[in-house]
Each structure stands twice: as C-alpha cells, then as structure tokens.
1. How would you rank Tyr190, Tyr296, going from fewest to most other Cβ atoms within 10 Å of each one's own Cβ?
2. Which value, in nm² and rounded to one decimal, describes the direction-averaged projected area of the C-alpha convex hull of segment 209-323?
3. Given axes a ≥ b ≥ c from the Cα gyration tensor, I'd like to know whether segment 64-174 is rounded (a/c under 1.5), prolate (a/b larger than b/c) or oblate.
4. So which aspartates and glutamates can Lys47 reach, going by Cα to Cα under 18 Å and dropping same-chain residues fewer than 8 places off?
5. Okay, helix-only estimate at 222 nm for the chain: each DSSP H run of n ≥ 4 adds -39500 (n - 2.57), divide by all residues, round to 500 deg cm²/dmol; what do you get?
6. Counting only residues 5 or more places away or on other chains, whose amide H sits under 5 Å from the amide H of Ile36 once H atoms are built in the peptide plane?
7. Normalised by the number of residues in the chain, what is the relative contact order in percent for Cα pairs under 8 Å and 6+ residues apart?
8. Please work out the Cα center distance from segment 1-72 to segment 142-172, rounded to the nearest Å.
Amino acid sequence: MKLESYPSISIVGATGAVGKICLEILKEKNYPHEKIKLFASKRSEGKKIKYFDQELLVHEATKSSFHNSNVVFISADSSVSLDLAPSAVDSGALVIDDGSAFRMKEDVPLVVPEVNEEDINYHKGIISIPNCTTTPLVMAIHNLKKLSPIKRIQSTTYQAVSGSGSLAVTELQSQTEQIINNEKITMSVYPHQIAFSLIPQVDDFMSDGYTKEEHKMINETKKILHDKDLNISATCVRVPVFYCHSEAISVDFEDEVDLNSVISTFKNSQGIKIINDGQNEDYPTPSFVQGKDDIYIGRIRKDSSNRKGLNFWIVSDNLRKGAALNAIQIMESAINLKKIPNF
C-alpha cells in the first residue's frame, strides 16, 4: 500500500501497557513508522521506543499535539481523555478512547466491531472502547441472541492484575517473592493481598453494593446491544493472574436452545474460538489465551437448574481484544466506512 493510504495515528499513553500492545499490533500489521506519533505525560517526554529498525520519540501530549493526525488513540486516565479529546476532534481527528470518560454519553458510540460496527457511522468525533470485560461478553451474547431472545444474564469475572496497570503487575510479582521468602507483605495498589489470594472488588463500591466495574459491565452491555431492558447482573473479582480476564457466564433464554446449535453458532462467529466442542477438558485458560486476538469459549453446558439456561466460560486477552486490538479494529472499520475525517 502507498504511504498515503494509511491514516496518521497519534497514540496517547504510548508508554503504558495498552500503548505498548497497540504498537506491537501495528508492527504485526507492518504499519509504517512515518504514520505513527507517540505521546505520554511530561515525565515520559524524550523517551524512545523501538519500532522495527526505527526509534520513535515520545512527546508530551498537549491540546495542540494533534493537528496532523487522522486518528488519535487515547489510553490514559479519564481526566486526560476529557482534557485532550475535544481538542483532537477540533483539529480534525477521530478520537478512539480506551477509558470510561465518554462510554455512556448518548452521542458517543461504544463499539465492538464484530457486534455493532454500524454505530461507527454516527460518531461525532469520538468513539469509545468498552471495558475489557464487557467486550468478550457482548461478543458471545450478540451471537446467542440469534438462537432465542435472552431473559437474563449473570456474569462473574476473574480479572488479571494488568487491568489495574503496570504497578499492579509489579505488586503481584513483589508479593509473590515476599511470600516465598517469608518476608513481610507490602500493599499499595490493592486494599488486600492479591498474591495467592483473590479480591472480590474491582473499582470502588457504589451505594447499591455493586462496584463501578460491575456497573460498567451492566450499562455498557445494554448500550452496545441496544437493549435498555436487558436483565443483567455482574460480580467482578480480581485474581492473581498477570494477563487475560476470564468470565463465567449464565444465560437464561426465552426458549430452550439446542447445545449443538450453541456450539455451531460460536464456531461460526467472527472473533470467537472454541477448542473442539468446548466441553470437558477442552477449555481455555489465561496462559493459553495470552497474546491471542480472539476470545476463547469453553465449558459450554446446559444449566442444570433451568432447561432454558446455558452456562459457559470465556477467556480473552485484556490488553489485546480488551483494549488495543479493539481500538485498531475500530479504526479499520472507520476506514472501510469512510468515517475518518479528512482522510
């Protein structure tokens, strides 16, 4: 492809976990270095990141950074998104935001391309990426809805520490070493020990006893699937795993569904993989799924308490499909739909 066939990309948060994976994926796609600019906070200014045989310079992200950008990926705190995204839009760029700042705004599409790509057509300069646990859930549910209307969904997540950032990864590493060496355990990121344990809390608690993470899953799923009346509940748990989020899903249908139809539906769904028939020991694990682009489904079985129910297990790489890959796929969809301004 000619150089002008590629949108000019700016990555805000380039030195963070998601930013690094974004660059890895662009590299896998042989994206030209001339079309990539890297941005981060002031303390990262001047850093160099190797990309093929080039070294890309990291600049401080400011409101005036994006005048020559077609697409701006933002993977940073919500405060950064709120500060920089409007300026990027004003400069003529499409903003694809990884945070929660814009997800529930009515005029901002919340997109998983395999599920609701058409929503990209209605963006007003900003498109949001869902929470990294919402994405695999809606990919599965979107396809199951083809078999029968859904009455109720229950999701329990088992979320890797990388979802909390690089400091959480370091904390799990340090606590593991401290326990092995019989040393005092230190905590900073999480309110409880995470090594050799788990924490039934992801994000802060709300007045109803649910956490913000659980509310994200509930509200984002309804928005993406265009179903305000969907009955859905979630319990989010942090586990001592470095990468990949897992979910145990229970679905109640209006009609009884055939298990072979479920398996066939998943096998023929874009972005979904199951190992053999996804039953018995043919199930995905975080160690298997890490670094893979698809979401993996296993433990597919009828609900023993409800003949119209289904239970299954999902694992996905939270930094790839849960974040960086989904952002890049949104850009690719926007190119195909001709919805990138000035490109």
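1. On the way: Tyr190 19, Tyr296 25.
Lowest count first: Tyr190, Tyr296.
2. Working: hull surface 33.1 nm².
Averaging across all directions leaves 8.3 nm² for the Cα convex hull.
3. Values: a/c = 2.77, a/b = 1.19, b/c = 2.32.
In terms of gyration-tensor shape, oblate.
4. Glu24, Glu34, Glu55, Glu60
5. Working: 9 runs with 93 residues, N = 343.
Using -39500 (n - 2.57) per qualifying helix, the result is -8000 deg cm²/dmol.
6. So Ile36 has HN proximity to Ile9.
7. Values: 729 pairs, mean separation 62.8, N = 343.
Reported as a whole number, the value is 18 percent.
8. 28 Å
Here, each number is a calculation from the coordinates, and none is a lab measurement. Quantities reported herein were computed from a predicted structural model and do not represent experimental measurements. FYI the Cβ positions are ideal-geometry reconstructions off the backbone, even for glycines, and counts take in every protein chain you see.
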